[in-house]
Protein chains: 4
Amino acid sequence: MSCRVPGSGPYRAIARGGPQDEYGPEGTRVVHVGSLPVGGPEPVVIAGPCAVESREQTVEIAHAVRAAGADMLRGGAFKPRTSPHDFQGLGREGLEILAEAREQTGLPIVTEVLDVRDVALVAEYADMLQIGARNMQHFPLLTEAGRTGLPILLKRHWAATLDEWLGAAEYIAVEGNLDIVLCERGIRSFTQGTYNRSTLDVNIVPAVKRLTFLPVLVDPSHATGDDELVPSAALAGCAAGAHGLIIEVIAEDTDPTTPLCDGYQSIRPSVLERIIDDVRPGGASWHALRPSGSGG
Amino acid sequence: MSCRVPGSGPYRAIARGGPQDEYGPEGTRVVHVGSLPVGGPEPVVIAGPCAVESREQTVEIAHAVRAAGADMLRGGAFKPRTSPHDFQGLGREGLEILAEAREQTGLPIVTEVLDVRDVALVAEYADMLQIGARNMQHFPLLTEAGRTGLPILLKRHWAATLDEWLGAAEYIAVEGNLDIVLCERGIRSFTQGTYNRSTLDVNIVPAVKRLTFLPVLVDPSHATGDDELVPSAALAGCAAGAHGLIIEVIAEDTDPTTPLCDGYQSIRPSVLERIIDDVRPGGASWHALRPSGSGG
Amino acid sequence: MSCRVPGSGPYRAIARGGPQDEYGPEGTRVVHVGSLPVGGPEPVVIAGPCAVESREQTVEIAHAVRAAGADMLRGGAFKPRTSPHDFQGLGREGLEILAEAREQTGLPIVTEVLDVRDVALVAEYADMLQIGARNMQHFPLLTEAGRTGLPILLKRHWAATLDEWLGAAEYIAVEGNLDIVLCERGIRSFTQGTYNRSTLDVNIVPAVKRLTFLPVLVDPSHATGDDELVPSAALAGCAAGAHGLIIEVIAEDTDPTTPLCDGYQSIRPSVLERIIDDVRPGGASWHALRPSGSGG
Amino acid sequence: MSCRVPGSGPYRAIARGGPQDEYGPEGTRVVHVGSLPVGGPEPVVIAGPCAVESREQTVEIAHAVRAAGADMLRGGAFKPRTSPHDFQGLGREGLEILAEAREQTGLPIVTEVLDVRDVALVAEYADMLQIGARNMQHFPLLTEAGRTGLPILLKRHWAATLDEWLGAAEYIAVEGNLDIVLCERGIRSFTQGTYNRSTLDVNIVPAVKRLTFLPVLVDPSHATGDDELVPSAALAGCAAGAHGLIIEVIAEDTDPTTPLCDGYQSIRPSVLERIIDDVRPGGASWHALRPSGSGG
């Protein structure tokens, strides 16, 4: 079981009741990415392509997700890939494309860094650094990312316990950086490879909130691996109490086999718009998007 | 992968596009339990004690869950227990208590049967038969339950694939009984025993709906094993598209160590009422119950 | 964690140090099936077809496995199958075929029972009753099987904890029947469906022996789901301390697609013979069969 | 399923039948660590402390494991730890201690590197670089480690598929370094935290050998997390076809609570000696060590 002793536990810097907890028994630290608050009463939605593949593709999607109501742009310039023979990202050129997309749309950008030697470079461009699931326990990277002072999006590894995840966040926090946003992206279970690629672990959302004041997002794209399941996972994540979503999007008319990564789990801007309407308090009822209508 | 060939697959009797599909590409068969429709536009809520332990306890909870807005009463008269030295249920006496609770409250009752030799007995009392997770592939029981013609609540085993679950439903369906309601109750993952007892698999809800026209519920009590996590799991299940919930409840002032089973995962009637208000279209906003408020 | 209090735990009847432990701190109860000791110093090998499909098929395999050195014959007359549209076994006819195979070969027979109403019938024919993985927590069946007084082969469910498995054995033991042989047949992990169908859990073998004096076998056929992996799993199981093996076999010249179940995980008699030579103390060195020779 | 197309698959550089396969359909590349062959007919045994904690502790254990018959010394100078508040290793001082232990015993040393910026430093001291489970997909580290030309011990992450593991090895191989030794260290399953900390996946040993010519070891210490289970896991790993073992050891008289990491899963030199005798062809029979004697 997780240690809950404030002030001395393995993740004391981020613990509820710990020395840095100014947020009350159920409060959340609001992490600002530029002027965007993450962890406030309104769920945030981060959206964009899996990878930055070209200027045209990225800028087009950036405009589309802004039009759909997204708050921030995502997109990978450095991509961790299972095989070295797969597309590894555009690197610095990808960062420049993201910066241009930000300039055109006004959306802050979050992008992944996976090499300690690239932290300074990525920090020049990004509004928020993403630590990907594979690097959740890449401890030197956590330390260097923490030292930039930028807000950090820390994904949970697909086989990480709650203690391991919060321990990873603690590596960032002990550098004096509490601007950490956690992100559940699905766990690996026996269901892998049948109807989904991962199992969205909705239970960890309230479990995280019991132990830390950091905000937590859900990534329904990786937590399903199937664009048809993304809307229900997005709503379920918010219903479980997540402070927002990060979602992969492809352009409305792109063939899902075209993107160099994750085409099949990316949704269209029109679907994104329905999800955003649905999870926003002032928007349409969440019942409207319930996947597959009931009744005959 | 699941077989999707209508008319010839391993669960052809319940398959979308199969010979018995009168429900359209996204429609759901409405299963009537007494006069209560399951699978219609409004989510149903089944609630009650884990086990029927006494007349007083059961009747009290029955009144409380009706007052909270529940549609049906649950409670175990025959209990499958890990050890033979644990409480095994009151048997026939438990069924009679359930019948009295129904008479007093008007709520239809669902209760588990786990021995083929008890099917006729349980069918005398119950409005709906429950096949528990451990018995999901107890094939003779599926057959005998199907033959009663009563509606069947078929729980998913905690390690069942989608194909295994739908194959189990098919055993009931081939007896000419399509009044089957599926129920996801959490899967066993590496997270077991830390912050929860099971992982609620929200992704299987839309995955089920792609393949069959049967309605599907979520059991947030077993899918968490922790009363603090039940509300978020209940909302997440409905947000994922479930047609309703089945929830374990203890009386408002009962010590959680008192019940002979599952005290720690049972919620109070007052919590049940908030959940029901939340998942009902005409009720309070689902945002209201988001576990742990955001903002400082 | 497992309860280790002798005399009062959830599986007190089979616990080391419990009231029925006559076997010493590391001793094993020897269960006799006919004249065959299971749990003695020499590993036993049970082999035979997945299902009894015909007299000719079963008798041929029975002779082949005896020639290969097997001690007992396995074969299913009642088959639990995922879909009701799959072959369900020959029933009583299958039992008669098994009896004839026993008469011709002298091998005792173990066969599965899955309906409480069939226990008396199967007990007329079988030397040992098998409770399959799906029925590990079919408690009425455990009770009825225990009451026959016959030795019971109790398979572990693919998602059962150690406590659940020993709790199931306790249901048999409380009927006064300690002639229980446990059998690990692989657990369901995230690896399912890639290089194997199940993960052989070798660690549970010594873990079982710490808690109970009952003997334990390993089933490398279901624990791999791939005939190429069966030999290494068989040796690993014995190396981990199992008291023997249960293995599915097809005839030397049968096409693996021909059998009505499990053709692809069944090995040939010639492979069985090499495994048996290898695991027997007086046989060839176990190094000889190490799958895929080392060195260039 | 794994891609098996030689010359074009995601791990073509290490694939059986690929352009660099000089080893025949069942042959193994022998990786030399100093003069020690790994992958040859005799299983190698690597042993030593979890972490280098002091000169005295490390040198004592080094002598003890050499006396027990070990071929190589392991010990961590840089330790990946769940929390930043845990002991992180002695760093360069730890490397110097390892070098002294090598000088005194003649055993080559393998030690972990987890920061790309430390690769050159660690390579000055180590005979073999270890990439730990958490860093299996730390791709820049794989690349830098590969470029040293030193032999690499690549541990499997506890949730890695076979494709992910071999893809990680490919990152090393494409740097022109085929001196890669794979190491299975247990997967995370639902059994975690009950009778073991990980599940030793014996099936992946032959599965690896079908796809690549690289040698593969088993780590029974992490694959069990319990010193009582280490011997059976060690034998099971070798029986499944592993080319050797890597085992954590504490000094004969050390209290298991004393070491700064992994005390409870470390075995004594006397136990190591029995394991080595057992897995060596010319040594005692493997039957001798079968954990928990059979028979009454």
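Under 5 Å from the amide H of D:ILE247 lie the amide H atoms of D:ILE46, D:ALA47, D:GLY48, each residue being 5 or more positions distant or on a separate chain, with H modelled from the backbone and absent for Pro and chain starts. The per residue volume of the convex hull around the alpha-carbon atoms of the range B:27-289 is 119 Å³.
The P(r) of the range B:161-228 has a tail past 13 Å containing 66 percent of all C-alpha pairs. When Rg and the Kirkwood Rh are both derived from Cα coordinates, the Rg/Rh ratio for the range D:74-213 amounts to 0.98. Other protein chain C-beta atoms within 10 Å of residue C-beta, averaged over C:160-166: 4. In the range C:2-110, Rg over Rh equals 1.13, where Rg is the alpha-carbon radius of gyration and Rh the Kirkwood radius from pairwise Cα distances.
Less than 5 angstrom separates the built amide H of C:LEU153 from those of C:LEU129, C:GLN130, C:ILE131, C:VAL181, all sequence-distant by 5 or more or on a different chain. Summing charges over neighbours of C:VAL45, with a neighbour being any other residue whose Cβ is under 13 Å away from its Cβ, gives -3 when K and R count +1 and D and E count -1. If you take the alpha carbon atoms of the range C:157-292 and fit the smallest convex hull around them, that volume is 131 Å³ per residue.
DSSP beta bridges fully contained in the range C:20-113 are about 40 percent antiparallel. With the label put 7 angstrom out from Cα along the Cα-to-Cβ vector, A:ARG147 ends up 2.0, 7.3, 7.4 nm from the copy partners, going from closest to farthest.
Label zone of B:THR194 (point 7 Å out along Cα→Cβ, amide N under 12 Å): in the range D:117-156 this covers no residue at all. The Cβ shell under 13 Å around A:TYR264 holds other residues with a net charge of -4, Lys and Arg each +1, Asp and Glu each -1.
DSSP bridge analysis restricted to the range A:27-289 gives an antiparallel fraction near 15%, rounded to the nearest 5.
For the range D:38-81, the average shadow cast by the Cα convex hull is 3.7 nm², which is a quarter of the hull's surface.
Considering only DSSP beta bridges with both partners in the protein assembly as shown, what is the antiparallel share in %, to the nearest 5? If we restrict to bridges inside the protein assembly as shown, about 15 percent are antiparallel. Note: relative contact order over chain D, using C-alpha pairs below 8 Å and six or more positions apart, is 19 percent. In sequence order, the range D:249-262 has phi-based couplings of 10, 10, 5, 3, 10, 7, 5, x, 8, 6, x, 6, 8, 6 Hz under the Karplus curve 6.51 cos²θ - 1.76 cosθ + 1.60, θ = phi - 60°, and Gly or Pro positions carry x.
Note: the range D:86-158, Cα convex hull, 98 Å³ per residue.
Put simply, the protein assembly as shown fits an ellipsoid with semi-axes of 43, 42, 27 Å; these come from the alpha carbon gyration tensor as the roots of five times its eigenvalues, largest first. Inter-copy label distances for C:THR257: 2.6, 6.3, 6.3 nm (label point placed 7 Å from Cα along Cα→Cβ; shortest first).
How do B:THR224, B:THR258 line up, fewest other C-beta atoms within 10 Å first?
B:THR258, B:THR224
Counting Lys and Arg as +1 and Asp and Glu as -1 over every other residue whose Cβ lies under 10 Å from the Cβ of A:LEU217, the net charge comes to 0. Dividing the helix sum by the residues of chain D, where each DSSP H run of 4 or more adds -39500 (n - 2.57), gives a mean residue ellipticity at 222 nm of -8500 deg cm²/dmol. Mean separation of Cα pairs under 8 Å and 6 or more residues apart, divided by the residue count, gives the range D:133-244 a relative contact order of 22 percent. Placing a label point 7 Å from the Cα of B:GLU22 along the Cα-to-Cβ direction, the distances to the matching points in the other copies come to 6.5, 6.5, 7.3 nm, shortest first. For the range B:191-256, the alpha-carbon radius of gyration amounts to 1.20 times the rule-of-thumb value 2.2 N^0.38 Å expected for a compact globular protein. 3J(HN,Hα) along the range C:9-24: x, x, 9, 5, 6, 10, 7, 4, x, x, x, 9, 8, 10, 10, x Hz, from the Karplus curve 6.51 cos²θ - 1.76 cosθ + 1.60 with θ = phi - 60°, whole Hz, x for Gly and Pro.
Each residue of the range C:153-162 was assigned a 3J(HN,Hα) from its phi angle through the Karplus expression (A = 6.51, B = -1.76, C = 1.60, θ = phi - 60°), giving 9, 10, 6, 7, 5, 5, 10, 8, 6, 4 Hz with x at Gly and Pro. When chain C is turned onto chain B, the axis of that turn runs closest to one Cβ of chain C, and that residue with its distance in whole Å is C:ALA159, 2. Dipole size of the protein assembly as shown about its Cα centre, with +1 on Lys/Arg Cβ and -1 on Asp/Glu Cβ: approximately 0 debye, rounded to the nearest 20. Can you give the longest stretch of chain A with no exposed loop site, where a site means GluC sites (Glu not before Pro) in a DSSP loop (not H, G, I, E or B) with at most 12 other C-beta atoms within 10 Å? With GluC sites (Glu not before Pro) excluded where exposed in loops, chain A gives A:23-251 as its longest stretch.
Rule-based calculations on the coordinates, nothing more; no lab input. Since the model is a prediction, treat every value here as computed from it, not as a measurement. Cβ coordinates were reconstructed from backbone atoms using ideal geometry, including for glycine residues, and neighbour counts include every protein chain displayed.
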